[in-house]
Amino acid sequence: MIQHYFKIACRNLLKHKVQNILSIVGLSIGFTAFLLGGYWHHWEYHFDSFHPQSSRTYALTTTGIFKTADGSVGELNQIHQMVEKDLVTFPEIAKVCHVSEVKYEFEKDTKSWIGMKIDSTFFDIFQCKLIEGSYYKVPFNVNHVILTQKMANFYFGDSSCVGKELKINDKLSYTIAGVMENYPQNSDFKFEYLILATPSPNQVKRNTTYVWLHPSADAAHLSKKIAAYRVKEPDTKWSKYSEWRFHLRPLPEIHTRCSPELKGRLQHIRILATAGILAFASALMNLLVLFIGQQQRKARYNATFSTLGASIYSLIGKNLLELTLPLFIAFLLSMAFIEFLFPFYKDYTSLVAESSSYYNGVIQSITRQEVLKASYWIYPLCCLIFLVLSTVPIVGLLKRNSRGTSLALRNGLIIGQIFIGSLFLLTSCMFYSQYRFMSRTDKGLVTDHIWQIDLGFDATYNTDCTPFIEALKQNSAIDDVTALTQPLLVLRGEWYCSFITQFPIEGRNNVDEATEDNCIVVQKNFLSFFGMKMKEGEWIQDQGTRDIVINETGARELNIPSLTGRLILSDDEDSENHAVPTRISGILRDFYYCPMQYPLSKVFFMYQNNADAARGYNGFRYFYIKVHPDNEKQALQYARRIYSQYSKKEISEDMQIIQLSTLMELFNRPEKTMFRIFLLLAVLCILISSFGVFFLVSLSTEQRKKEIAIRKVNGAQFSDILYLFLKEYLWLTLVSNAIALPLGYLFIKRWLETYAYHTDIHGWLFVCVFLFTCIIVILSVMRQVVVAAKINPAESVKSE
């Protein structure tokens with residue numbers, strides 16, 4: 001019986017080739033979008049959930065210490081030791097663990113590895129699967145380390161290293177106590193070796209503290225008690241204790257709450273995950289619509305099986321088999337799509353630490369095995385739920401006593417598909433509009449034919465890099481060279497500076513201890529090199545005065561009349577500084593140094609020579625070369641050749657020398673990617689929904705051939721017959737858009753509010769989306785009505 005039903009399912013699949021091919025392709029693309037978007041969301045929101053005790057492990061965090069670039073309150077995965085001393089006394093807490101990350105400078109020409117000091121409680125709370133060695137009975141006296149498998153393989157290959165010496169530099173070495181397995185990629189613990197030593201608080205007396213709760217502890221109640229705690233000490237110049245708030249956070253929330261640079265990324269993840277769910281749901285609805293239509297067309301044929309004695313259960317199984325076959329083929333096709341797309345997916349979803357951050361060079365990414373493993377249970381589960389729900393219309397079709405229910409279900413599915421298609425079309429148009437706005441806005445600087453060279457922190461720390469600059473200038477293919485202590489373009493808006501100070505500008509009022517002025521150390525050719533423009537005054541000259549330039553945003557924020565030429569007062573007793581007055585020499589036109597999600601901040605620019613910059617601000621690390629297009633290949637070959645002589649190979653090869661225009665394009669990459677994805681899903685959903693309408697109109701015209709013939713005999717025109725069918729489907733289109741367009745507006749409005757600079761929402765876009773979906777439906781209906789209207793009425797009546 002099953003074999004016979006399987007043959008019937010295959011025959012029906014081939015009989016309706018066009019609609020089944022479109023349905024299968026739609027299912028495979030929908031599931032691919034659902035899986036890739038959904039798994040990315042799962043991966044990002046489940047950091048450190050792999051630890052065996054993760055459900056009972058929490059971190060003590062602090063808010064109120066700093067604000068992010070968009071003005072919201074930032075959260076820090078640290079807590080002041082004065083506060084911790086009180087909080088850890090709560091009876092719900094069973095164990096307390098402290099960790100602190102370190103990054104020592106290794107021997108010459110060797111990259112620095114990220115280490116982490118831990119106390120003995122770490123092994124009770126967090127996962128540590130040892131490959132060799134042991135931490136039992138090993139003293140926590142700063143003399144022993146446990147290496148990750150990655151670091152052990154780098155230094156010792158496959159040979160055993162337990163008991164050997166790990167030499168950091170001439171002043172520091174450790175004895176290796178063991179080797180542990182690497183942590184999974186989605187972990188906020190990015191260490192490469194563990195130092196067995198009780199961590200000390202940092203310079204501002206804060207610890208990174210984790211607590212392990214008793215099994216019977218009420219975490220929600222403890223969280224409220226911690227949130228209600230207030231510091232009793234009075235505020236000081238540097239610490240606003242009254243603004244501090246404290247929190248108990250589960251491990252996965254540390255990643256999402258204590259990483260402000262991920263705010264935009266997490267928003268895109270939620271959008272793409274939702275889009276994936278809707279696309280897959282639309283494809284499943286289309287499959288069910290086509291199936292219902294096919295079964296209604298074959299009602300008499302299916303009744304034959306009942307006449308021959310087939311039970312209701314066997315017929316349900318037959319119909320479910322007909323649904324299962326395209327689902328299975330779609331799964332195989334989706335696996336092929338995932339294999340093809342995975343390299344692009346991995347590149348797009350990888351979490352790459354900024355080159356200027358502590359974790360420079362760390363790349364966290366989803367693995368192919370994780371995605372495929374997830375697909376093997378997610379797809380069957382989704383199909384099982386779909387098939388169970390599909391039994392309702394199947395039973396109704398078999399009993400032939402629920403025509404109204406089947407019609408309502410069919411119309412509901414059509415509304416759902418058009419709703420999703422309209423929503424995708426609207427959002428894709430707005431994504432494109434924002435992308436176009438961002439890409440066409442004048443950025444205030446020239447990036448063409450300029451390349452950024454990153455020597456890395458270890459190679460430039462407190463180092464005078466004049467030799468490297470001079471070596472670059474010696475090549476005739478390089479037109480000009482300049483250098484900065486931080487990158488010119490950054491992917492987040494916070495702390496865009498070489499250092500933070502407070503300039504006592506003449507005429508400046510309302511200055512308190514919390515006032516911060518971001519200052520960037522530049523070279524004198526900075527302005528001309530990047531093609532920037534002065535709004536007022538002149539660029540740094542340092543002729544008889546020490547000149548400082550402020551950007552346009554900073555000038556507006558200060559709101560000091562006649563700012564150009566004002567002196568910067570100094571209470572420094574250094575006679576050398578008093579001998580040369582400091583002044584604001586001019587106002588620089590704003591340039592966009594970060595994505596448009598973040599507002600530009602007040603920035604000052606000052607000049608220092610290479611040696612002074614090395615002593616005061618860790619030295620110039622980022623070097624920029626300007627080359628003529630005809631000499632580009634020669635210049636880059638030369639730069640790469642001398643790069644190895646000055647770097648410590650800590651920067652990944654693709655980021656060592658990179659075109660500035662490429663970095664600028666990264667600002668628009670999320671919007672560009674989402675536009676393409678949503679446009680693809682919009683086209684797919686509208687196409688399959690219109691084909692569903694086309695197929696249903698075909699079925700309806702076939703079932704109503706006699707009615708159409710009689711109407712023609714009685715003088716009905718083509719327009720009358722067309723209206724007969726159009727009114728139903730246009731009504732469904734109207735209902736779909738009445739839901740999709742307001743929801744789309746609310747989503748777009750909230751999404752645009754996350755940008756400091758964004759395009760406007762135009763009403764004509766909503767009208768265009770509505771008209772476009774109506775036109776698609778009209779064309780789908782008209783095609784079938786034209787065919788039906790051409791049939792000879794006499795033939796139709798005779799056949800009936």
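The values are calculated or read from the model by the stated rules, or taken from the named source; none is laboratory data. No experiment lies behind these values; they were computed from the predicted model shown. Cβ: placed from backbone, ideal geometry, glycine included. Neighbour counts: every protein chain shown.
Okay, here's what the table says:
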item: Selected residue (only one of PHE725, PHE747 is buried (at least 17 other Cβ atoms within 10 Å of the Cβ) and assigned to a helix (DSSP H, G or I)); result: PHE725
item: Criterion (in contact with a Lys or Arg (Cβ under 9 Å, 6 or more places away or on another chain), in contact (Cβ under 8 Å) with a residue 40 or more places away in the chain and not hydroxyl-bearing (Ser, Thr, Tyr)) met by exactly one of VAL521, VAL481; result: VAL481
item: Single residue of ILE292, ILE254 found to be crowded, with 20+ Cβ neighbours inside 10 Å and either in contact with a strand residue (DSSP E or B) (Cβ under 9 Å, 6 or more places away or on another chain) or not β-branched (Val, Ile, Thr) (or both); result: ILE254
item: Some residue of the stretch 277-291 being free of Cβ contacts under 8 Å to residues at least 12 places away in the same chain and either within 30 Å of MET596 (Cβ to Cβ) or not hydrophobic (A, V, I, L, M, F, W, C) (or both); result: no
item: Filter pass, ASP170 being surrounded by 16 or more Cβ atoms within 10 Å (Cβ to Cβ) and acidic (Asp, Glu); result: no
item: Residue match in the stretch 302-322 (condition: closer than 30 Å to ILE114 by Cβ and at pLDDT 80 or above); result: no
item: Among (1) within 20 Å of the chain's Cα centre (by Cα); (2) without any contact (Cβ under 8 Å) to a residue 24 or more places away in the chain; (3) over 30 Å from SER780 (Cα atoms), the one test that MET664 misses; result: (2)
item: Top-ranked residue in the stretch 1-55 [being among the charged types (D, E, K, R) and modelled with pLDDT of 90 or more; ranked as farthest from ILE271 (Cα to Cα)]; result: ASP48
item: Conditions (1) at pLDDT below 95; (2) buried (at least 19 other Cβ atoms within 10 Å of the Cβ); (3) over 25 Å from the mean Cα position of the chain (by Cα); (4) within 26 Å of GLU494 (Cβ to Cβ); number of the one not met by LEU60; result: (1)
item: Evaluation of GLY163 against (1) touching an Asp or Glu at 6+ places or on another chain (Cβ under 7 Å); (2) surrounded by fewer than 19 Cβ atoms within 10 Å (Cβ to Cβ); (3) modelled with pLDDT of 90 or more; (4) among the small types (Gly, Ala, Ser) (one fails), failing number; result: (1)
item: Test: residue in the stretch 264-271 that is in a strand (DSSP E or B), touching a residue at least 40 places away in the same chain (Cβ under 8 Å) and not β-branched (Val, Ile, Thr); result: no
item: Residue in the stretch 328-335 that is part of a helix (DSSP H, G or I), modelled with pLDDT under 85, over 26 Å from the mean Cα position of the chain (by Cα) and surrounded by 17 or more Cβ atoms within 10 Å (Cβ to Cβ) present; result: no
item: Candidates PHE122, PHE156, PHE140, PHE126, filtered to the one that is in the same structural domain as VAL211 (by TED's automatic domain parsing) and out of contact with any strand residue (DSSP E or B) (no Cβ under 8 Å at 6 or more places or on another chain); result: PHE156
item: Among (1) in a helix (DSSP H, G or I); (2) touching a residue at least 60 places away in the same chain (Cβ under 8 Å), the one test that ARG676 misses; result: (2)
item: Any hit, the stretch 247-263, residues being farther than 30 Å from TYR379 by Cα and part of a loop (DSSP other than H, G, I, E, B); result: yes
item: Residue that is surrounded by 21 or more Cβ atoms within 10 Å (Cβ to Cβ), touching a helix residue (DSSP H, G or I) at 6+ places or on another chain (Cβ under 6 Å) and modelled with pLDDT of 80 or more, where the choices are LEU387, LEU425; result: LEU425
item: Identity of the residue in the stretch 109-141, under 13 Å from ALA177 (Cα atoms), in contact (Cβ under 8 Å) with a residue 24 or more places away in the chain and among the aromatic types (Phe, Trp, Tyr), that ends up surrounded by the fewest Cβ atoms within 10 Å (Cβ to Cβ); result: PHE140
item: Subset of the stretch 199-214 [among the polar types (S, T, N, Q) and part of a loop (DSSP other than H, G, I, E, B)]; result: SER200, ASN202, GLN203
item: Residue match in the stretch 568-587 (condition: modelled with pLDDT of 70 or more, of a type in the set (Asp, Glu) and either closer than 25 Å to ALA69 by Cβ or part of a loop (DSSP other than H, G, I, E, B) (or both)); result: no
item: Filter result for the condition that a residue is touching a residue at least 60 places away in the same chain (Cβ under 8 Å) and over 24 Å from ILE378 (Cβ atoms), over VAL25, VAL102; result: VAL102
item: 2 or more residues of a type in the set (A, V, I, L, M): qualifying strands (runs of 3 or more DSSP E) within the stretch 456-558; result: 478-484, 517-522, 546-551
item: Which listed residue is more than 33 Å from the chain's Cα centre (by Cα) and either without any contact (Cβ under 8 Å) to a residue 24 or more places away in the chain or within 21 Å of TYR135 (Cα to Cα) (or both), from ILE176, ILE195; result: ILE176
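To keep it simple, each residue is scored yes or no on (1) assigned to a loop (DSSP other than H, G, I, E, B); (2) touching a strand residue (DSSP E or B) at 6+ places or on another chain (Cβ under 9 Å); (3) aromatic (Phe, Trp, Tyr).
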position: CYS10; (1), (2), (3): no, no, no
position: GLY26; (1), (2), (3): no, no, no
position: PHE50; (1), (2), (3): yes, no, yes
position: THR63; (1), (2), (3): no, yes, no
position: ALA69; (1), (2), (3): yes, no, no
position: GLY74; (1), (2), (3): no, yes, no
position: THR89; (1), (2), (3): yes, no, no
position: ALA94; (1), (2), (3): no, yes, no
position: GLU101; (1), (2), (3): no, yes, no
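Residues checked against (1) crowded, with 19+ Cβ neighbours inside 10 Å; (2) closer than 23 Å to LYS95 by Cβ; (3) out of contact with any Gly (no Cβ under 7 Å at 6 or more places or on another chain); (4) not assigned by TED's automatic domain parsing to the domain that holds GLN81:
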{"position": "SER187", "(1), (2), (3), (4)": "yes, yes, yes, no"}
{"position": "VAL204", "(1), (2), (3), (4)": "no, no, yes, no"}
{"position": "ALA220", "(1), (2), (3), (4)": "no, yes, yes, no"}
{"position": "ALA227", "(1), (2), (3), (4)": "no, yes, yes, no"}
{"position": "ARG230", "(1), (2), (3), (4)": "no, no, yes, no"}
{"position": "ASP235", "(1), (2), (3), (4)": "no, no, yes, no"}
